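Let me begin by presenting the structure, written as structure tokens, before commenting on it.
FYI, it's all coordinate maths here, none of it is from the lab. Not measured: the values here are computed from a predicted model. With ideal geometry, Cβ positions are generated from the backbone for all residues, glycine too; neighbour counts draw on all protein chains shown.
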Amino acid sequence: MTSDGERRLRLAFGLAVGSVVIAAAGMAAGGDGWSPAGLFRALANADGRFIVLQIRAPRTLGAWLTGALLGLSGAAAQGLFRNPLADPYLLGSASGAVLGVVLVLAAAALGGHVVSVATAGAIARFGLVGAAFVGALLGVLLTLSLARGAQETMHLLLAGVVVGVLLTAASDLVTSAAPDALRGKQAFLLGSTGFLGWQSCAFMALGLAVTLPAAWRLARVLDALTLGTETAASLGLALGRLRIALVVAIAFATALAVSQAGLIAFVGLIAPHLVRRFAPATHGYTLLAGAAAGGLLLLTADVLARTVIAPQEVPVGVLTAILGGGYLIWLLRRRRAA
Amino acid sequence: MFQHRDAQTRAMIPAEPTPRRSAALSGGRLWSVFFLIFLASGAPFTSAAHAREAIRDDRGITVTFEAPPRRIVSLLPSLTESVCALGACDRLVGTDRFSNWPDRVQALPKLGGLEDAQIERIVALKPDVVLASTSARVMDRLESLGVRVIALESRNRADVKRTLTVLGQLLGAPGKAEAVWAGVERATRAAAARVPPAERGQRVYFEIDPAPYAAGPDSFIGESLRCLGLGNAIPAELGPFPKLNPEFIVRTQPDIVMAAQASVADMPRRPGWSTLRALRAGRTCAFPSGTYELLVHPGPRMGEAAAALAECLAHLPPPSAR
């Protein structure tokens, strides 16, 4: 029988080693499938080096960072709502991001028709990434204002659901007026790690460097919340303010991940689960390990997406959904058997 | 303009002489040797090396080319078709997964779609230019990797003509673009001549998608129908490809219904649509998938598309007196 402390150490070690090993495998997973020999061949000439260093490397690192941001915000959301089914998209960030993306796509499609070409051009320059980021933050802001702050978790949850439904309807309305935007919206909904470059990595690394310590500091609030709101308040915690700080951290991390890679399903939901199952711990550990687990999960999915039907690619969001859904089904069956 | 073979002599004079080039010129001997080789070989590459072409795409971005691109990736079927129609099919090194005409492009690497193009494989092909539609996220990423991207969007006939002109300029064959477009117009006129007089002015409902989305009068399909002397059941103010209430079609009672084969077969089962007079009288054009694709690609095959439309119209039962 191993102690919890030992299990936590083993998990941390496993996540670190796994990330390095899969990242190395990712560097050898190219457009033509998995081939370590191909990697060495590629590194021997300038063109190959360019592809490995400018495309494959940032994509591999970017997949990990995206997964880490989602894992972190998922762990924080599950702690905040005290609900193991909560995920980072619950606060309205996903639907907000989709609306932002659809508006940009539709503006391009409607250019010269409904909006002027100049307006369409200005919006297009702002870019899908910027639109998704702003949309995600605005979505969460709307949720917060609808719930009148974060004092009541249930209000926040309900407001998040309502905002999600409303903004999704709004983007559906836009796509029915501009059907050309549908294809782009679909691609955004599936999520993709294929467009991540060094710039995306820099943004996400910076975001992780800000949100990870912030979440770590707020972890004690989450621990206190597990005892119930009243007990937490009796400990002298300014719950309203701290909850808002948490929501902002979740929103920021999610918005960054979503704007760079689209709506990648299940990573934020599953990563904290895996961590809690393997090594029950306080929230400080769960947040950090949740981030690492999310990173490893998405990195693995990305490498699989590149290799299973190479030279074609599976959308990575489909793979995370299959892996995550498969895990949930396995969990359900185990519970029933026990 | 790119220099043609017939304009090579003009191309020998650099358009924008840089200091280094003039130094080479004053270098005398070396230059004259070079000049002789140039004359002897017919040196198309030297003419290209000095030619500069500034291409302005539909995003308003100007991309400069030192020479006509030799390795081209196209991420849109209509652009693939345009490149081939302009005689540069052999310069294509990869296409999107939907490009399937002409047959030879099917053997090229398939690089995903507009929204999920495979960056690594595209860059590995070392294209001189990537042709795409506007609003594809892939463009930003490719450009940040130093790949030149031209975005072209075709919604109506004028767009198609402009796209051909821009591509002709890019490929160093501006005259060819004019010839291709003249061919489209000629084929369209020939098709119009085949349309039975009784069909003139008949209002067509052309279904793009069973949602239903229709092709309005200002879409390239609507314009082709107009060129054939036909009317459109959809008012222009609804936009080029409006989403309609199915009831609207029943109320409008189009004279002719056109759609993909499967859609036409399904129409009588839609609520209320069995009352459509066009369906009852068999005044429908149900296009098999190959022909339907031809009709919905805005490109150099629009003349062929007009012929396919005329072919169907020629075999319709005559319109009944209303």
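Of note:
- Extension gain for A:ASP32 to A:ALA238 (0.36 nm times residue separation, less C-alpha to C-alpha distance): 68.7 nm.
- Ranked by the mean number of other Cβ atoms within 10 Å of their residues, highest first, the peptides A:262-269, B:234-241 come out as A:262-269, B:234-241.
- For residues of B:111-118, the mean tally of beta carbons on other chains within 10 Å: 6
- P(r), alpha carbons of region B:54-172 - 5 Å bins starting at zero, rounded %: 2, 12, 26, 27, 22, 10, 1
- For the protein assembly as shown, fraction of C-alpha pairs farther apart than 41 Å, in %: 41
- Cα-based shape type of region B:196-314, given that a ≥ b ≥ c are square roots of the gyration tensor eigenvalues and the cut on a/c is 1.5: rounded
- As a proxy for reagent exposure, B:ILE221, A:ILE322, B:ILE249 were ordered by neighbouring Cβ count within 10 angstrom, fewest first; the result is A:ILE322, B:ILE249, B:ILE221.
- Peptide B:120-126 has a mean shielding of 6, counted as Cβ atoms of other protein chains within 10 Å of each residue's Cβ.
- Chain A: C-alpha gyration tensor shape, a/c 1.5 cut-off, then a/b vs b/c: oblate
- Unit charges at the beta carbon, dipole of the protein assembly as shown: most positive-side option, A:THR254, B:ALA211, B:LEU79: A:THR254
- Each peptide in B:65-78, A:137-150 gets a packing score, the mean of other Cβ atoms within 10 Å over its residues, and the list from highest to lowest is B:65-78, A:137-150.
- For the pair A:GLN186 and A:PHE278 in one chain, pulling the backbone fully straight at 0.36 nm per residue adds 29.6 nm over the alpha carbon distance.
- A straight chain from A:ARG82 to A:ARG333 at 0.36 nm per residue would run longer than the Cα-Cα distance by 88.0 nm.
- Share antiparallel - DSSP beta bridges, the protein assembly as shown, percent rounded to 5: 30
- Cβ neighbours within 10 Å from other chains - mean over A:167-177: 1
- In nm, spacing of pseudo-spin labels at A:VAL161 and B:ARG104 (7 Å Cα→C-beta vector): 6.0
- Helix runs (DSSP H) in chain A reaching 27 Å along axis by Cα, Kyte-Doolittle at least -0.5: A:4-27, A:57-80, A:117-146, A:153-177, A:198-225, A:239-261, A:283-307, A:316-337
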